[in-house]
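The values are calculated or read from the model by the stated rules, or taken from the named source; none is laboratory data. Remember, predicted model here, so these are calculated numbers, not experimental data. As a convention, Cβ positions derive from the backbone with ideal geometry for all residues, glycine included, and neighbour counts pool all protein chains shown. The area values use the complete protein model at the heavy-atom level, side chains included, leaving out ligands, DNA and RNA. Shrake-Rupley method; radii C 1.70, N 1.55, O 1.52, S 1.80 Å.
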Amino acid sequence: MIVDGAVAIVTGGSGGIGSALAQRLLEHGASVVVTDLDADHVAATVASLEAVGAGRVVGLAGDCSVEVHVQALIDLAAQRFGPVDLYAANAGVGLGQGLESSESDWGASIAVNVLAHVRAARLLTPGWLERGRGYFLSTASAAGLLTQIGSPTYAVTKHAAVAFAEWMSVTYGSRGIVVSCLCPMGVNTAMLSSGTDSDDETARLGAKAVTQAGGVLEPLEVADVVVKAIGEETFLILPHPEVLEYYRRKGSDYDRWLAGMRRYQDTLA
Ligand SMILES: NC(=O)c1ccc[n+]([C@@H]2O[C@H](COP(=O)([O-])OP(=O)(O)OC[C@H]3O[C@@H](n4cnc5c(N)ncnc54)[C@H](O)[C@@H]3O)[C@@H](O)[C@H]2O)c1
């Protein structure tokens with residue numbers, strides 16, 4: 001997809017990867033609707049992004065896992081810029097450690113990390129099929145291909161996000177809908193530091209597992225990789241290329257990979 005002139009929505013757009021992605025999309029000529037939970041943060045993000053794409057960025061605060069909010073984002077984009085070309089389902093939560101993860105951790109993780117993607121796709125797909133084009137960008141995680149040490153809620157819901165992105169691509173890829181799935185390891189954002197700085201030992205262990213497995217990238221570095229991948233319409237976006245090797249090892253010998261993960265976990269304690 002050509003980013004120049006495209007109309008995009010970015011969820012989690014006040015956060016690390018989301019605001020960096022919004023910035024890069026604007027720099028490449030797109031118009032962007034930014035959404036996140038906190039109205040003040042959204043307003044501040046839009047104000048700073050105005051410097052990059054004056055008149056091409058607007059914000060609307062709300063919960064992207066709620067269908068009426070997603071519809072409001074689509075309507076706002078249409079009214080200000082035109083029909084949505086690219087939906088970046090980027091918002092995510094890292095809630096819950098171990099089997100002690102609460103029902104509410106599970107519920108929120110499923111809502112934001114998975115159902116938010118499903119609800120947006122449900123609203124956008126009919127229009128995309130009619131136009132014969134549309135781009136669904138899912139921010140999952142390397143945890144969605146491998147696992148997340150410490151957090152079953154994160155590991156499971158990110159696998160589900162990858163599975164949903166795959167399903168979208170298989171089902172609609174021959175009818176003009178392009179799907180990409182972003183699967184980074186460590187990125188220097190509030191989500192990663194909430195793990196490294198946590199009082200919870202399992203959360204710290206999980207963050208250490210991420211930071212020791214590969215380099216920690218800056219959000220703008222990730223956004224650069226994403227914008228390039230959108231141009232090339234690549235499904236799997238791996239800002240940390242070593243993830244592909246880990247994923248191959250998992251696929252080629254699952255038991256060996258599991259044993260290696262257990263050994264790796266033991267080294268972190
Ligand atoms: N930082 C990493 O190391 C890393 C690695 C792999 C994947 N990811 C994924 O990248 C995405 C972006 O995370 P980040 O690292 O930029 O962290 P972040 O915490 O800076 O950004 C996440 C943003 O999502 C927003 N959000 C959460 N729930 C929302 C909801 N219901 N509606 C709207 N916005 C909501 C948060 O307010 C926050 O601004 C997430 O999906 C995360 O799981 C991050």
Size of segment 18-65 as Cα extents on the principal axes (Å, biggest first): 27, 19, 16
Taking protein heavy atoms only, a 1.4 Å probe, and rounding to whole percent, the accessible area of segment 1-78 owed to carbon and sulfur comes out at 57
What residue among G144, G231, G62 has the largest mean-square fluctuation in a Gaussian network model of the chain, using Cα springs under 10 Å? G231
Residue-normalised accessible area of segment 117-204, expressed per residue, 1.4 Å probe, Å²: 39
Using only the Cα atoms, what convex hull volume per residue in Å³ does segment 129-269 have? 115
Carbon and sulfur: what percent of segment 122-213's accessible surface (1.4 Å probe)? 51
Helix 242-252: angle to the longest alpha-carbon principal axis of the chain, degrees 0 to 90, nearest 10? 60
Heavy-atom accessible area of R80 with all protein chains present, probe 1.4 Å, nearest 10 Å²? 120
Nearest-0.05 FRET efficiency for D75 and S102, computed from C-beta distance (R0 25 Å): 0.10
For V170 and D255, extending 7 Å from Cα along the Cα-Cβ vector and measuring point to point gives, in nm, a value of 2.7
Evaluated at 4 °C with a viscosity of 1.567 mPa s, what Stokes-Einstein diffusion coefficient in µm²/s does segment 188-269 have when Rh comes from the Kirkwood expression over alpha-carbon pairs? 89
To the nearest 10 degrees, the tilt of helix 116-131 (Cα long axis) against the first principal axis of the alpha carbons of the chain is 40
Taking the chain as the reference, fit the longest principal axis to its C-alpha atoms, fit the long axis of helix 152-172 to the helix C-alpha atoms, and give the angle between the two in degrees, 0 to 90, nearest 10. 50
How high is the relative contact order of the chain, given as a whole-number percent (alpha carbon pairs under 8 Å, six or more residues apart)? 18
Could you work out the pair-distance distribution P(r) of the chain from its alpha-carbon pairs, with 5 angstrom bin width and percents rounded to whole numbers? 1, 6, 13, 18, 20, 17, 12, 7, 4, 1, 0
Cα gyration tensor shape of segment 44-177, rounded if a/c is under 1.5, else prolate or oblate by comparing a/b with b/c: oblate
